[in-house]
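Every number here is computed from the coordinates shown, using simple stated rules; none is lab data. Here the structure is a predicted model, which is why all the values come from computation and not from measurement. Neighbour counts run over all protein chains shown; Cβ positions are idealised from the backbone, glycine included.
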Amino acid sequence: MLEWVKAVDKASDHSYDSRRMKKALNCQGYPVSRNKARKLMREAGVQVRN
């Protein structure tokens with residue numbers, strides 16, 4: 001699932017926060033909560049660009 005998080009992050013040009021990442025992962029077939037999306041982003045080393 002970390003590969004998907006990294007792919008979504010790259011496709012979004014590092015603009016997705018945990019809410020949008022949750023929606024993107026849910027559309028891909030991974031039913032995750034916002035907190036789980038946040039943890040996955042942290043684990044994958046993904047941060048939102050300011």
With +1 on each Lys and Arg Cβ and -1 on each Asp and Glu Cβ, and nothing else charged, work out how big the dipole of the range 2-43 is about its Cα centre, in Debye to the nearest 20.
-> 240 debye
Going by alpha carbons, how many degrees (0 to 90, nearest 10) lie between the helix axis of 2-11 and the longest principal axis of the chain?
-> 50 degrees
How far is helix 18-27 tilted, in degrees, relative to the longest principal axis of the Cα atoms in the chain, given as a value from 0 to 90 rounded to the nearest 10?
-> 50 degrees
The chain, helix-only ellipticity at 222 nm - DSSP H runs n ≥ 4, -39,500 (n - 2.57), divided by all residues, nearest 500 = -18500 deg cm²/dmol
For percent of Cα pairs over 14 Å apart, the choices are (1) 70; (2) 59; (3) 37; which was calculated from the structure?
-> (3)
A correct fewest-to-most ranking of LYS36, LYS22, LYS10 by other Cβ atoms within 10 Å would be LYS10, LYS36, LYS22
